[in-house]
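Have a look at the structure below, then the notes.
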Amino acid sequence: MRAVDLIIKKREGERLTFQELDYLVSGFVEGEIPDYQMSSFLMAAFLRGLNYEETKYLTLAMIKSGDLLDLKDIPGIKVDKHSTGGVGDKTTLVLVPLVAAAGVKVVKMSGRALGHTGGTLDKLESIPGFRTDLSLAEMKEIASKIGAVLAGQTANLVPADKKIYALRDVTGTVDSLPLIASSIMSKKIAGGADRIVLDVKVGSGGFLPFVDRARALGELMAALGSEFHRKTVIVISSMEQPLGLAVGNALEVEEAISTLKGNGPGDLLELCLVLGGEMLAAAGAAPSPEEGRILLEKLLKQGAGLAKMREIIEAQGGSPEVLDNPDLLPRAAEQIELLADKEGFVHWINAREIGWASLLLGAGRLRKDDNVDPAAGIVLRKKMGDAVAVGEPLAVLHVNRRDNLAEVKERVKKSFVIGQDSPQLPPLILDIIY
Ligand code: URA
């Protein structure tokens with residue numbers, strides 16, 4: 001087999017076999033197929049598409065590139081949750097302890113911030129002492145003992161995705177449904193959970209602008225899940241504005257703590273209850289998602305999610321005192337209010353721009369090895385539908401470095417679209433696919 005023949009075959013719109021896709025993926029991971037040939041193949045796949053069989057084969061070839069985690073020695077059904085990425089999306093920090101408090105085991109492997117979207121690992125690491133670089137043995141031990149663990153991906157989980165994603169990022173080939181589906185599902189299946197709940201984001205803050213494409217992606221991922229005997233539920237949710245109010249690492253941890261104490265923003269709580277209800281039902285811990293939700297609401301009121309978060313932080317070497325005193329989290333030197341110069345109602349908040357502005361303050365990273373500032377970020381004071389008067393704060397910037405401040409102010413201000421009439425708000429949950 002030669003890579004060039006397979007590139008030409010795809011370029012001509014022909015279908016590739018498992019052996020051919022596996023040859024490309026394993027050859028690329030082993031360094032025998034160079035970046036330029038893989039890039040060319042990815043572009044051919046992007047333009048010509050991959051049919052369902054090819055997507056399944058690609059997913060399998062990616063899984064085969066690394067370890068398949070065996071979580072069987074953790075008793076009970078393990079559920080995983082994944083979001084396609086957004087701005088202000090701290091659901092994992094609320095959901096994992098809450099679902100574990102209901103008795104369902106969660107082994108959650110998360111990623112870091114890249115581009116305008118945040119990453120759960122960076123958020124967790126703003127908790128003093130918190131370790132995310134756990135070995136597989138440590139993850140299993142913590143999950144068996146307390147029911148949940150929040151860690152980084154182990155080194156050899158789908159190495160093909162790490163390499164291929166890095167190329168897709170710089171070759172204009174991210175936005176392809178079969179490539180996205182195989183990237184996400186290979187990692188989820190190799191991660192070893194029995195049930196998977198995926199939150200597919202639609203809107204400016206995610207990377208899929210339209211619900212039809214999100215639904216098609218959801219259907220594809222649900223089909224791949226059942227192909228590999230992992231029951232997969234897809235929740236399609238709106239990312240037309242940041243989720244909750246806080247954007248930035250320590251700021252989001254603080255908001256997640258408030259939510260676990262019962263004082264969180266409505267949209268964040270609602271999404272957590274919907275996703276959590278699905279996780280409980282998928283694991284058989286509730287007869288239906290609705291009953292799962294009721295159970296989670298009860299646990300939240302009892303403080304059981306907060307207590308479980310304390311156990312997780314202690315088990316992973318962090319300071320649980322941040323739960324009692326969030327002032328122990330890193331704080332920025334300056335807090336700068338941005339005031340409205342127009343009255344009316346907030347019609348839209350450009351979540352992507354808020355994400356970029358937060359990154360420019362230091363909360364995110366442009367390159368994989370950039371450091372993040374745990375304290376930097378933005379807290380919204382107004383959300384879509386809120387009335388606003390001239391001189392009222394729209395948002396507060398949490399600032400340590402001022403080098404991009406003028407641009408950040410401009411971007412945040414422009415992100416708020418203010419109109420005269422009270423707008424009709426889009427639903428938070430757009431669809432659920434089983
Ligand atoms: N997230 C992933 O893990 N992979 C993609 O391709 C897109 C989003």
- request: For residue 92, state whether it is modelled with pLDDT of 95 or more, closer than 30 Å to residue 141 by Cβ, of a type in the set (Ser, Thr, Tyr) and under 15 Å from the mean Cα position of the chain (by Cα).
  value: yes
query: For residues in the stretch 154-165 being in contact (Cβ under 8 Å) with a residue 24 or more places away in the chain and of a type outside the set (Val, Ile, Thr), which is farthest from the ligand (Cβ to nearest atom)?
result: 156
- prompt: Is there a residue being in contact with a Gly (Cβ under 9 Å, 6 or more places away or on another chain) and among the aliphatic types (A, V, I, L, M) anywhere in the stretch 4-22?
  reply: no
- request: Find the strands (runs of 3 or more DSSP E) located wholly in the stretch 322-434 whose residues include 3 or more that are free of Cβ contacts under 8 Å to residues at least 60 places away in the same chain, and list them.
  value: 393-399
- prompt: Does residue 313 satisfy the criteria of being under 30 Å from residue 141 (Cα atoms) and touching a residue at least 40 places away in the same chain (Cβ under 8 Å)?
  reply: yes
- request: Tally the residues that are more than 8 Å from the ligand (Cβ to nearest atom) and touching a strand residue (DSSP E or B) at 6+ places or on another chain (Cβ under 7 Å), restricting the search to the stretch 175-191.
  value: 2
task: Test residue 312 against the criterion of being of a type in the set (A, V, I, L, M, F, W, C), surrounded by fewer than 21 Cβ atoms within 10 Å (Cβ to Cβ), under 23 Å from residue 264 (Cβ atoms) and assigned by TED's automatic domain parsing to the domain that holds residue 256, and give yes or no.
output: no
- prompt: residue 228 versus (1) farther than 24 Å from residue 106 by Cβ; (2) more than 12 Å from the ligand (Cβ to nearest atom); (3) modelled with pLDDT under 95; (4) not basic (Lys, Arg): which is the lone unmet condition?
  reply: (1)
statement: By my count, strands (runs of 3 or more DSSP E) wholly in the stretch 66-153 with at least 1 residues that are within 16 Å of the ligand (Cβ to nearest atom), among the aliphatic types (A, V, I, L, M) and touching a residue at least 40 places away in the same chain (Cβ under 8 Å) are 105-110
query: Where residues in the stretch 163-176 are more than 16 Å from the chain's Cα centre (by Cα) and either under 30 Å from residue 137 (Cβ atoms) or modelled with pLDDT of 95 or more (or both), which of them is surrounded by the most Cβ atoms within 10 Å (Cβ to Cβ)?
result: 164
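Listed here are the residues, each with its yes/no results for (1) within 30 Å of residue 298 (Cβ to Cβ); (2) of a type in the set (Val, Ile, Thr); (3) buried (at least 22 other Cβ atoms within 10 Å of the Cβ); (4) at pLDDT 95 or above.
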site	(1), (2), (3), (4)
205	no, no, yes, no
217	no, no, yes, yes
223	no, no, no, yes
251	yes, no, yes, yes
task: Please find, among 417, 408, the residue that is surrounded by 21 or more Cβ atoms within 10 Å (Cβ to Cβ), at pLDDT 95 or above and more than 18 Å from residue 90 (Cβ to Cβ).
output: 408
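The values are calculated or read from the model by the stated rules, or taken from the named source; none is laboratory data. Note that the coordinates shown come from a computational prediction; the quantities given were computed from them, not determined experimentally. Note that each Cβ is placed from the backbone with ideal geometry, even for glycine, and that neighbours are counted across all protein chains shown.
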